[in-house]
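What follows is a set of notes on a single structure, which appears directly below.
The values are calculated or read from the model by the stated rules, or taken from the named source; none is laboratory data. Keep in mind the model is a prediction, meaning the values are calculated, not measured. No Cβ is skipped: glycine too gets one built from the backbone with ideal geometry, and neighbour counts run over all protein chains shown. Heads up: the accessible areas ignore ligands, DNA and RNA and are worked out on the full protein's heavy atoms, side chains in. Shrake-Rupley method; radii C 1.70, N 1.55, O 1.52, S 1.80 Å.
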Amino acid sequence: MVPSLPPIGLGTWQNDDPAQCTESVRTALKLGYRHIDTAEHYGNEAAVGDGIAAADVARGDIFLATKVHPISGGMTYDEVIEEATASMERLDVEYLDLLYVHWPVGEYDAGETLDAFDQLVGDGLVRNVGVSNFDTSLLDEARDTLDSPLFAHQVEMHPFLQQEKLVGDAQQHDYTLVAYSPLARGEALTNSTICDIAEQYETSPAQVCLAWLTSHENVVAIPKATSRTHLEDNLASRDLELSEEGLARIDAIDQQNRFVERDGAPWQ
Ligand code: NAP
């Protein structure tokens, strides 16, 4: 039985100033966020760990996810073990709730890389295994290779990149699709359809994007927010239910626009 993630978590990419990052994580946890997303590659794990320590929320109530990176850390068996251990030291935690393969590029090799993930699960250091930026054939390969269940796939998803195929895969195989850049890095917040619906519901464009995302079965979102105002706004989307008509209007926006790219990504 796979534990479920809350619909809205906290993204931390480019929350680079350590004091600001710590404060955002602390505030988010105080407000009720329980899923925090970071990565070795973001360079902010120590600040995230400080935020968790400052929040006075029990470690067991927090779902903490980080990622090993093919370029900054490496993807061989030994590198994955070393990287995960170093992440836990920086975060100052004794286990990770979720560890992702950040990108299936560079030295990524399903057999070798995922063997290290299974080892970390077997050692009790990692509770769940995730992958990020995969396509369906890489997802099939990962599921076939892993002894542990595949818990999550983190991928760019927002009204301009609706990822029907990957959402279908998550629903079919019953894992969670974690939508990153759920506000299209801010670009979705000025879209006329999104703004029109926000006006109709007397809410913010961010809440409309997030409510649309989390209306999909098996999908949760991790907006990055720095200020308390944005953190509160995004969390409040949990209470927004859009009508079938509103959801259909957003479905019709799809422009196949991607905002995050990396050389060697599976879709290139
Ligand atoms: P995003 O969440 O779509 O957008 C973040 C931007 O939106 C920031 O400028 C933020 O401003 C602003 N914002 C947040 N809430 C808002 C609100 N309620 N109203 C107005 N503006 C708001 O973009 P993202 O950071 O690319 O994605 C989110 C997270 O996904 C990342 O932080 C990271 O954890 C993860 N991610 C993962 C990958 C991967 O390869 N796995 C790639 C990209 C991202 P403020 O900061 O000023 O609040």
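Some values worked out for this structure:
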read-out: Members of the stretch 173-186 that are more than 8 Å from the ligand (Cβ to nearest atom) and either part of a helix (DSSP H, G or I) or open to solvent by 10 Å² or more (accessible area, probe 1.4 Å) (or both); value: H173, D174, T176
read-out: Meets criteria (within 30 Å of D263 (Cα to Cα) and either surrounded by fewer than 16 Cβ atoms within 10 Å (Cβ to Cβ) or in contact with a Ser or Thr (Cβ under 8 Å, 6 or more places away or on another chain) (or both)) for S24; value: no
read-out: Residue list for the stretch 187-199, filter: within 15 Å of the ligand (Cβ to nearest atom), in contact (Cβ under 8 Å) with a residue 12 or more places away in the chain and open to solvent by 30 Å² or more (accessible area, probe 1.4 Å); value: E187, L189, T190
read-out: Positions within the stretch 131-156 being under 26 Å from G11 (Cα atoms) and assigned to a helix (DSSP H, G or I), in sequence order; value: T136, L138, L139, A142, R143
read-out: Criterion (modelled with pLDDT of 95 or more and on the phi > 0 side of the Ramachandran plot) met by exactly one of D50, D56, D92; value: D92
read-out: Scope the stretch 141-153; condition surrounded by 15 or more Cβ atoms within 10 Å (Cβ to Cβ) and free of Cβ contacts under 8 Å to residues at least 60 places away in the same chain; matching residues; value: E141, A142, R143, T145, L146, S148, L150, H153
read-out: Candidate set from the stretch 212-263 (those that are away from the ligand (no atom under 13 Å from the Cβ), among the hydroxyl-bearing types (S, T, Y) and surrounded by 12 or more Cβ atoms within 10 Å (Cβ to Cβ)); member that is nearest to P7 (Cα to Cα); value: T214
read-out: Sole residue being touching a residue at least 24 places away in the same chain (Cβ under 8 Å), surrounded by fewer than 22 Cβ atoms within 10 Å (Cβ to Cβ) and within 16 Å of the ligand (Cβ to nearest atom), chosen from P266, P159; value: P266
